[in-house]
Amino acid sequence: MADQLLTEKEAANITGFSVYWFQRKRWEGGGPPFVKFQRAVRYRESDLVAWIEAHSGKRSTSDYANSVGSPTKPSARGDAR
């Protein structure tokens, strides 16, 4: 059976994220996988579910920062600490 392809709006309704969030994540990276047919963007339902499950184990923002590494903050002198 073929996987259902969801529009941005349908994916947003399922996840609770905005359509803009999906658009931004496609540009930045780090969002769920998508497929593109000419100008139409779609999300496979199974990819969306897998992405949600893979990213739902964090309990706090510090858990997330520790798992991806936090950026180095430059000091007042301009060197990274």
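When the stretch 18-41 is filtered for residues that are in a loop (DSSP other than H, G, I, E, B) and exposed (fewer than 14 other Cβ atoms within 10 Å of the Cβ), the ones remaining, listed by number, are Ser18, Gly29, Gly30, Pro33, Gln38, Arg39.
Looking only at residues of the stretch 31-67 that are over 15 Å from the mean Cα position of the chain (by Cα) and charged (D, E, K, R), we find that the one that is modelled with the lowest pLDDT is Asp63. Using the structure shown, decide if Arg44 is surrounded by fewer than 17 Cβ atoms within 10 Å (Cβ to Cβ) and among the basic types (Lys, Arg). No: the conditions fail for Arg44.
The values are calculated or read from the model by the stated rules, or taken from the named source; none is laboratory data. The model shown is predicted, which means the values in this text are computed figures rather than measured ones. As a convention, Cβ positions derive from the backbone with ideal geometry for all residues, glycine included, and neighbour counts pool all protein chains shown.
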